[in-house]
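Reviewing the structure listed below.
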Amino acid sequence: MERPVTMYALQQTGLLEGGRQASLGEAELEATPTLLALLVDELAHGVLLVTAQCRILHANQTARRELEHAVVLGADHGELKVLMPADAKAFQHAMAKAVAGKRSLIKLATDGVDFTMAVVPLQRQPGVPCERMALVLSRLGVSESGVFGAFARSHGLTQTEEQVLVFLCRCLSTPEIAVQMKVAVSTVRSHVRSLCAKTASSGVRELVNRVAILPPIAPLPLGQIH
């Protein structure tokens, strides 16, 4: 029986412990795929592992939600489906390139949804067709992170400042934010100055970049937020 890639990688590289290689027991090796699946479930990016024939081998929690909503992607008897005809053609082309060992980045779009997908061939070997691919979906926005709230708390942001920051991350201008919040433009500008001061940012661009590079951890379900 073929061993999972993760177990193979661990056996080849080993774990470092105190500057030396540490051995793994059979129980630890057997648990590794499950632990990695749990880890990938915590990512804010949708991640799918598929075969060259688009059979779904694994989908993390974020990807499963996308498949259940069936807005851009869907599943039919375990096979991945790209629902929009124009997107399906681009996806088929990207998968053909992946079989040849080449990465692709494609855009998927429908009403109100617009994101990108990276198609990444796994276990590439020269002259050998690739049989497994990782599909990584972009997040809907830079503020869609499970650590966004922690970022706000760590910098002492007020609830209103946090709301302004969300709008900035959605690329809204100061006047547009004022309309959304039903306040004066001068009030929004005051909040932006406070945000920059509290986060030691030189301007809005640096401020939004600080949020964009936060670890891509999936938000907790509402019932689990404390």
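The values are calculated or read from the model by the stated rules, or taken from the named source; none is laboratory data. This is a predicted model, so every value here is computed, not measured. Because the Cβ atoms are built from the backbone with ideal geometry, glycine has one as well, and the counts that use them run over all protein chains shown.
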| task | For residues that are in contact (Cβ under 8 Å) with a residue 60 or more places away in the chain and assigned to a helix (DSSP H, G or I), scanning just the range 190-214, find the one that is surrounded by the fewest Cβ atoms within 10 Å (Cβ to Cβ). | result | Ala212
| request: Search the range 50-74 for residues being of a type in the set (Gly, Ala, Ser) and more than 16 Å from Val99 (Cβ to Cβ), and hand back the single one that is modelled with the lowest pLDDT. | output: Ala70
| Taking the range 171-183, which residues are among the polar types (S, T, N, Q) and either outside any loop (DSSP other than H, G, I, E, B) or farther than 22 Å from Ala212 by Cβ (or both)? | Thr174, Gln180
| remark: Here the residues within the range 91-136 that are part of a loop (DSSP other than H, G, I, E, B), over 19 Å from Ala70 (Cβ atoms) and under 20 Å from the mean Cα position of the chain (by Cα) are Arg103, Leu122
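Yes or no, residue by residue, for (1) over 18 Å from Asn209 (Cβ atoms); (2) among the β-branched types (Val, Ile, Thr); (3) crowded, with 16+ Cβ neighbours inside 10 Å; (4) not assigned by TED's automatic domain parsing to the domain that holds Val211:
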| residue | (1), (2), (3), (4) |
| --- | --- |
| Gly156 | yes, no, no, no |
| Thr160 | yes, yes, no, no |
| Val164 | no, yes, yes, no |
| Cys169 | no, no, yes, no |
| Val185 | yes, yes, no, no |
| Val188 | yes, yes, yes, no |
| query | Taking the range 42-72 as the search range and keeping residues that are in a loop (DSSP other than H, G, I, E, B) and without any contact (Cβ under 8 Å) to a residue 40 or more places away in the chain, which one is nearest to Leu135 (Cα to Cα)? | reply | Asn60
| note | Only one of Ala75, Ala88 is over 19 Å from the mean Cα position of the chain (by Cα), under 18 Å from Leu49 (Cα atoms), in a strand (DSSP E or B) and not charged (D, E, K, R), namely Ala75
| message | Return the pair list, or none, for Cβ contacts closer than 6 Å from residues in the range 99-128 that are within 13 Å of Gly46 (Cβ to Cβ) to residues that are in a loop (DSSP other than H, G, I, E, B) and not charged (D, E, K, R), at least 6 apart or on different chains. | response | Leu108/Val72; Val113/Val71; Val113/Val72; Phe115/Ser138; Thr116/Ser138
